[in-house]
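The values are calculated or read from the model by the stated rules, or taken from the named source; none is laboratory data. The model shown is predicted, which means the values in this text are computed figures rather than measured ones. Counting neighbours? That spans all protein chains shown, and the Cβs are built from the backbone with ideal geometry, glycine included. For the accessible areas, the whole protein counts, side chains as well, though only heavy atoms, and no ligand, DNA or RNA atoms are used. Shrake-Rupley method; radii C 1.70, N 1.55, O 1.52, S 1.80 Å.
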Amino acid sequence: QVQLVESGGGLVQAGGSLRLSCAASGRTFNRIGVGWFRQAPGKEREFVAAISWTATTTYANSVKGRFTISRDNAENTVYLHMNSLKPEDTAVYYCAANYLRMPSRTLDIDYWGQGTQVTVSS
């Protein structure tokens, strides 16, 4: 079992930055792939970024060059650094984790966090 707790959401102006954190507890963190998804009102949940247990990363095209995902295995934490934020980035951001698989597909996730709101004003 893995428990995920997100933090770091908030309100920011367009062009600004935020850093989201996902703290994991439970199963061996260095065998866990961790990702971020987001869901805007009236829209389906979508993939944002993910990092494997070997630190391989993958990103959605919409955030490439603006967002960076990283992990600190000593702290059992994954970060999502978000720069050059746009109003269309406004959503609830969810942390997700899979054991020994990359969490990049919404329907193939072992564990979800509770979500954190990110609002980007224009």
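Suppose we look only past 17 Å in the calculated P(r) of the chain. What percent of the Cα-Cα pairs does that tail hold?
49 percent
Just to confirm a number: summing +1 for Lys and Arg and -1 for Asp and Glu over residues other than S52 whose beta-carbon lies under 11 angstrom from that of S52, what do you get? Present the calculation step by step, with values, prior to reporting the outcome.
Working: positive: R31, R71, R101; negative: none.
Around S52, the surrounding residues sum to +3.
Within segment 19-61, list the residues whose amide N lies under 17 Å from a label point set 7 Å along Cα→Cβ of Q114.
21-26
Expressed as a whole percentage, what fraction of the accessible surface of the chain belongs to carbon and sulfur atoms when a 1.4 Å probe is rolled over the protein heavy atoms?
Accessible surface attributable to carbon and sulfur in the chain totals 46 percent.
Taking the solvent-accessible surface of protein heavy atoms with a 1.4 Å probe, what is the per residue accessible area of the chain in Å²? Please report the intermediate quantities before stating the final value.
On the way: 6090 Å² over 122 residues.
Ligands and nucleic acids excluded, the figure is 50 Å² per residue.
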